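Asker: Sharing a structure, written as structure tokens. Questions coming.
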Amino acid sequence: EECREIMAALGIRTINELVGRVELLETDEAIKHWKAKGVDLSPILTPAAKPRTDVKTFCAIGQKHGLEYTLDQTTLIPACREAIDNGTKLRKEFRIVNTDRATGTTLSHEVSKRWKAKGLPDDTIHLKFTGHAGQSFGAWAVSGVTLELDGDANDYVGKGLSGGRVIIYPPKAATFESDKNIIIGNVALYGAIAGEAYFCGVAAERFCVRNSGAEAVVEGCGDHGLEYMTGGRAVVLGPTGRNFAAGMSGGIAYVYDPHAEFKANCNPEMVELEKLEVEADIADLKRLITNHATYTGSGIAKRILANWSTELQFFHKVMPVDYKRALAEMAKEGPAKSGKVVATAAGQI
């Protein structure tokens, strides 16, 4: 309101008319500081020369993002219209290439418009892709949407995951070992709040940064894994890069470390490492690894499950110190007092 009053006094109706009008500025003569004396600001206040007379100083032409040509708009949403509108369960398969970005995101938007925050029942829409996914595969995928990829993906897989399920595994014909090769790019599951993700392979750097509620299984990750994580669960069935769990204030991680290399890579400032001794923790870990084996066919997951009693000793539980204390205090109060389910360091009560 104050801005509009000043503009009216100057005879200016819109912000667009005000852009670049440096001749309307006045110098404050009361400033006598020695550092300001003699400073000539004209070089930075003089409007840049226009390359053509018709060039504007504000946005006059809307950008054309080409969203109408995305895989979601041209193929996925029409193919899933019955499920989006009526909740009809379906499963379909598609090819994908690395120029297909944010695949599944606009589809999830359509689901949210119809079914709001609750989404659809689990696995209502199950889409299987074959190929190489571009950036942000499965970003903001919502409940009821499962995105399965036979191939690999670029950065930001599952960014903002909001209840959906993302599954990625290498082609069946692949001869490389999944736990020794990258299958997804950097910053997977950034800011995820709910849902599940299973990656049969190694993630690049900053895996699960700022995850606040999703569950994820991966077979190794690069530097800065779980940075600033505040909730959810993460299972790493292989080596990690440096600075693991930096700023991690919530959630729980389980890291498989048969060669005793993890401690040197973990940032101990806010977390502590524990052995898995509580039955609820053990059951939680086994459930996630079993899901991983079921969804991706992971060889390492199957081997660990087949030798469970032996392999269990090689897992670390990564537990944020303050989070552990808060959960313990909540558990003492009891669920009856709050009327809610109380999460504990070992699970839920």
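Asker: From the list Thr57, Thr46, Thr14, Thr27, exactly one residue is at pLDDT 90 or above, hydroxyl-bearing (Ser, Thr, Tyr) and closer than 29 Å to Glu2 by Cα. Which is it? Can you show your working first?
Answerer: Working: Thr57 fails: at pLDDT 90 or above; Thr46 fails: at pLDDT 90 or above; Thr27 fails: at pLDDT 90 or above.
The match here is Thr14.
Asker: Which residues, taken from the range 8-35, are more than 30 Å from Ala60 (Cα to Cα) and small (Gly, Ala, Ser)? Working first, answer last.
Answerer: Going residue by residue through the range 8-35, those that are more than 30 Å from Ala60 (Cα to Cα) are 27-35.
The answer is Ala30, and nothing else.
Asker: Quick one: which helices (runs of 4 or more DSSP H) sit completely within the range 277-321 and have at least 1 residues that are basic (Lys, Arg)?
Answerer: Filter on the range 277-321 gives 279-296, 299-306.
Asker: In this structure, does Ala306 turn out to be open to solvent by 10 Å² or more (accessible area, probe 1.4 Å), among the aliphatic types (A, V, I, L, M), out of contact with any helix residue (DSSP H, G or I) (no Cβ under 6 Å at 6 or more places or on another chain) and under 21 Å from Ile193 (Cβ atoms)?
Answerer: no
Asker: Still on this structure, I have one more. Considering only the range 95-110, state which residues are free of Cβ contacts under 8 Å to residues at least 40 places away in the same chain, within 18 Å of Ile167 (Cβ to Cβ) and under 20 Å from the mean Cα position of the chain (by Cα).
Answerer: Passing the criteria: Asp100, Ala102, Thr105, Leu107.
Asker: Give me the pairs: first residue in the range 63-82 and at negative phi and open to solvent by less than 40 Å² (accessible area, probe 1.4 Å), second residue among the acidic types (Asp, Glu) and in a helix (DSSP H, G or I), beta-carbon distance under 6 Å, and six or more apart or on different chains, which are they?
Answerer: Once the first residue is at negative phi and open to solvent by less than 40 Å² (accessible area, probe 1.4 Å) and sits in the range 63-82, its partners that are among the acidic types (Asp, Glu) and in a helix (DSSP H, G or I) give Ile77/Glu110.
Asker: Being out of contact with any helix residue (DSSP H, G or I) (no Cβ under 7 Å at 6 or more places or on another chain), over 21 Å from Leu288 (Cβ atoms) and buried (at least 24 other Cβ atoms within 10 Å of the Cβ) is true for just one of Val218, Val255, Val236, Val187. Which residue is that?
Answerer: Numbers: Val218 fails: over 21 Å from Leu288 (Cβ atoms); Val255 fails: over 21 Å from Leu288 (Cβ atoms); Val236 fails: over 21 Å from Leu288 (Cβ atoms).
On inspection, the qualifying residue turns out to be Val187.
Asker: Taking interchain pairs and intrachain pairs at least six residues apart, which have beta carbon atoms under 7 angstrom, with the first residue in the range 136-153 and under 22 Å from Ser178 (Cα atoms) and the second small (Gly, Ala, Ser) and outside any loop (DSSP other than H, G, I, E, B)?
Answerer: Sorted first by the residue in the range 136-153, then by its partner, the pairs are Phe137/Ala153; Gly138/Gly164; Thr146/Gly164; Leu147/Gly164; Leu149/Ala133; Gly151/Gly131; Gly151/Ala133; Ala153/Ala133.
Asker: For Ala173, indicate whether it is of a type outside the set (Ser, Thr, Tyr), open to solvent by 10 Å² or more (accessible area, probe 1.4 Å) and free of Cβ contacts under 8 Å to residues at least 24 places away in the same chain.
Answerer: yes
Asker: Residue pairs, Cβ under 8 Å, 6 or more apart or interchain, first in the range 298-319 and among the aliphatic types (A, V, I, L, M), second at pLDDT below 95 and assigned to a strand (DSSP E or B). List them.
Answerer: Short answer, once both residue conditions are applied: none.
Asker: From Gly164, Gly151, grab the single residue that is of a type outside the set (A, V, I, L, M, F, W, C), within 19 Å of Ala216 (Cβ to Cβ), open to solvent by less than 30 Å² (accessible area, probe 1.4 Å) and over 15 Å from the mean Cα position of the chain (by Cα). It would help to see each step written out before you state the result.
Answerer: Numbers: Gly164 fails: over 15 Å from the mean Cα position of the chain (by Cα).
Answer to the selection: Gly151.
Asker: Might you check whether a residue that is over 25 Å from Thr175 (Cβ atoms), buried (at least 20 other Cβ atoms within 10 Å of the Cβ) and aromatic (Phe, Trp, Tyr) occurs anywhere in the range 282-297?
Answerer: Within the range 282-297, not a single residue is over 25 Å from Thr175 (Cβ atoms), buried (at least 20 other Cβ atoms within 10 Å of the Cβ) and aromatic (Phe, Trp, Tyr).
Asker: May I ask you to say which residue of Glu227, Glu196, Glu205 is among the acidic types (Asp, Glu), within 25 Å of Val145 (Cα to Cα) and open to solvent by 10 Å² or more (accessible area, probe 1.4 Å)?
Answerer: Details: Glu227 fails: within 25 Å of Val145 (Cα to Cα); Glu205 fails: within 25 Å of Val145 (Cα to Cα).
Going through Glu227, Glu196, Glu205 in turn, just one is among the acidic types (Asp, Glu), within 25 Å of Val145 (Cα to Cα) and open to solvent by 10 Å² or more (accessible area, probe 1.4 Å): Glu196.
Asker: Of all residues in the range 14-34, how many are within 47 Å of the chain's Cα centre (by Cα), part of a loop (DSSP other than H, G, I, E, B) and loosely packed, with under 11 Cβ neighbours inside 10 Å? Full working, then the answer.
Answerer: Here is the first cut: in the range 14-34, the residues within 47 Å of the chain's Cα centre (by Cα) are 14-25.
Checking which are part of a loop (DSSP other than H, G, I, E, B) leaves us with 14, 19-21, 25.
From what's left, loosely packed, with under 11 Cβ neighbours inside 10 Å: 14, 25.
Of the residues in that region, 2 qualify.
Asker: The conditions are (1) under 18 Å from Thr240 (Cα atoms); (2) crowded, with 21+ Cβ neighbours inside 10 Å, and Lys263 fails exactly one of them. Which is it?
Answerer: It is condition (2) that Lys263 fails.
Asker: Could you check Ile183 against (1) among the β-branched types (Val, Ile, Thr); (2) closer than 17 Å to Val218 by Cβ; (3) touching a Lys or Arg at 6+ places or on another chain (Cβ under 7 Å) and say which number it fails?
Answerer: (3)
Asker: Could you name every one of the strands (runs of 3 or more DSSP E) located completely within the range 91-169 that has at least 2 residues being among the charged types (D, E, K, R) and at pLDDT below 95? Reasoning before the result, please.
Answerer: Details: elements: 125-133, 145-153, 162-169.
Result: empty, no element qualifies.
The values are calculated or read from the model by the stated rules, or taken from the named source; none is laboratory data. Quantities reported herein were computed from a predicted structural model and do not represent experimental measurements. Note that we place each Cβ from the backbone using ideal geometry, even for glycine, and neighbour counts take in every protein chain shown. Heavy atoms of the whole protein, side chains included, go into the accessibility calculation; ligands, DNA and RNA do not. Shrake-Rupley method; radii C 1.70, N 1.55, O 1.52, S 1.80 Å.
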